[in-house]
Amino acid sequence: MNTEETQTISKELVITSRETEVQIALLEDKKLVEIHREKKIEECTVGDIYFAKVKRINPGLNAAFVNIGDDKDAFLHYLDLGFHARSLNEFVNQVINNRKRSIANIKLESEVEKAGKIGDIIQGGASILVQIAKEPISTKGARLTSEISLAGRFLVLVPFMDKINISQKIKNGEERNRLKNIVQSIRPKRFGIIVRTVAQGKNIDELSTDLELLVEKWKSIITKLPQVKAPTKIASEDDKITSIIRDVVDESFDAVHVDNKELYQEIKLYLTTYIPEKKDIVKFYKGTKPLFEEMNIALQIKSSFGKVVILKHGVYLVVEHTEAMHVIDVNSGTRFKTGTSEENALHVNLEAATEIARQIRLRDMGGIITIDFIDLAKSANRTLLHKTFQELMKNDKAKHTILPMNKFGIIQITRHRVRAATVIETSELCPTCRGTGKIKSAMLIQEDIENMIEYLIDKQLEKGFHLAVHPFIYAYLTKGIFSIRWSWLRRFRRWIRLVAKSDYSVVEFQFFNKNNDQIIFGESI
């Protein structure tokens, strides 16, 4: 995948507002590559800042369990304290006691050692300032850090850090020096700054405006501290919509489609402020058909999130999610064989790699991902597959590491996990078997029917009733000259009229009286 090909990809963001959540889809060449959901109810999100209370210290884990007001206690490890945890804690105490409001002239405490005990830094019952580093996943509470950072469009502000770091993705040495000089001239005292990749080419006015907004956000947090009681959320990360616009949308985007007027105006204002040349790409959708259906996204979701993902030429993937890891199995299926087994295996693997790169982003898989490709005998082909896969994953903004294929045909990936993987149910519980995969045999259904016939005749004294069943059961009951229905005539001294109902499930049957009303049984049978 060369640079020219990357530039020709059309990119669109599609945002639809629903009653309980907002869904955001990223399309590349009309193909769904990312899907995000933001619930409208209050919940903890990566980047949220809490004034929290330490519940207990666990020396064995060298960590603290912290109450942030969520159902599950959050987790703060010693290594997530940050070098300036002592200074932050002391400053927070002074703010609460109305002795400090600015960190510019505060005396810095000694830095936290790389190897130490968390009990030496914080105590049980203490109120501390923390930030969500990872959202709650499964049975685990949120992962916390006390190294607070505030992200803007171009810069990230880190109190107490006192350093300037430039994104490693900015390779040009002159540009790195230019940005460092600009930021050094506007950096407030006692604040560190991380320069983001999108800051390339930006002038001092743009960077200064971004920095001022971040400093104001920090001041707002400090102002709230004396007025609140732990545990309380005191600052929210930009909502997911703003975060995605901030982190994803750039000069390469062609359109942002929105079906909510309020969201449309918010996004328009954001782009006008930060990317004015792109303010006109925001389109307000006025159609009556749901936006995701109009853009063919709903169909792509249904076909992309199942356990089995079908590709061209009969190739398919089997995707399994566990709490510890994700496993993807590549199968050639009925693919037409056009060469040697090695050539076919390579073609299948390369085709699968393209879809797997998309699936990882789409499902936002995190942690360990194991991919079982079809075995390749030649090391050159294994190297080619590995390099191709690395190229395909370049558009993934999440931090990840891809290991070379081993002799068992397996490639392993570690991908930074900050929230649970996106799982969308594309199947429904079978109303017949209720998810067990088993249904009653025809003989057992026959037995149930006969018990009910006996009850209707002897107990409920019904006359002129008939029975509606699925066509399969109808055929089973009426098959042959001496059918089961014929045996009923001998047993019950009554001819039971049967009606086949194609809309019934196989195990479903109903009795109706002579007025064609469904019979309600008076007591359990």
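The values are calculated or read from the model by the stated rules, or taken from the named source; none is laboratory data. Not measured: the values here are computed from a predicted model. Quick reminder, even Gly has a Cβ in these numbers, built from the backbone with ideal geometry, and neighbours come from all protein chains shown. Keep in mind that these areas ignore ligands, DNA and RNA; they rest on the heavy atoms of the full protein, side chains included. Shrake-Rupley method; radii C 1.70, N 1.55, O 1.52, S 1.80 Å.
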In the range 376-395, residue nearest to the chain's Cα centre (by Cα) [restricted to those that are assigned to a loop (DSSP other than H, G, I, E, B) and either over 22 Å from L26 (Cβ atoms) or small (G, A, S) (or both)]: L376
Leading residue by the ranking (least open to solvent (accessible area, probe 1.4 Å)) among those in the range 18-41 that are without any contact (Cβ under 8 Å) to a residue 60 or more places away in the chain and within 21 Å of the chain's Cα centre (by Cα): E21
Members of the range 484-523 that are open to solvent by less than 80 Å² (accessible area, probe 1.4 Å), polar (S, T, N, Q) and farther than 18 Å from D448 by Cβ: N513
Say whether the condition of being part of a loop (DSSP other than H, G, I, E, B), open to solvent by less than 70 Å² (accessible area, probe 1.4 Å), modelled with pLDDT under 85 and in contact with a strand residue (DSSP E or B) (Cβ under 7 Å, 6 or more places away or on another chain) is met by at least one residue in the range 422-430. yes
Out of the residues in the range 177-207 meeting the condition of being more than 30 Å from the chain's Cα centre (by Cα), within 10 Å of F154 (Cα to Cα) and not basic (K, R), tell me which one is surrounded by the fewest Cβ atoms within 10 Å (Cβ to Cβ). E206
Filter the range 244-262 down to the residues that are open to solvent by 20 Å² or more (accessible area, probe 1.4 Å) and not in a loop (DSSP other than H, G, I, E, B), then identify the one that is farthest from R153 (Cα to Cα). K261
Pairs where the first residue, in the range 349-375, is within 22 Å of I24 (Cβ to Cβ) and the second is open to solvent by 20 Å² or more (accessible area, probe 1.4 Å) and β-branched (V, I, T), C-beta under 6 Å, 6+ apart: R363/T422; D364/T422
Just checking, which of V308, V319 is open to solvent by 30 Å² or more (accessible area, probe 1.4 Å) and over 17 Å from L13 (Cα atoms)? V308
Mind checking which residues of the range 107-125 are under 23 Å from T232 (Cβ atoms) and either more than 34 Å from the chain's Cα centre (by Cα) or open to solvent by less than 30 Å² (accessible area, probe 1.4 Å) (or both)? I118, I121, I122, Q123
Over the range 263-305, the set of residues open to solvent by less than 50 Å² (accessible area, probe 1.4 Å) and within 18 Å of D29 (Cα to Cα) is I281, V282, L291, F292, M295, I297, A298, Q300, I301, S304
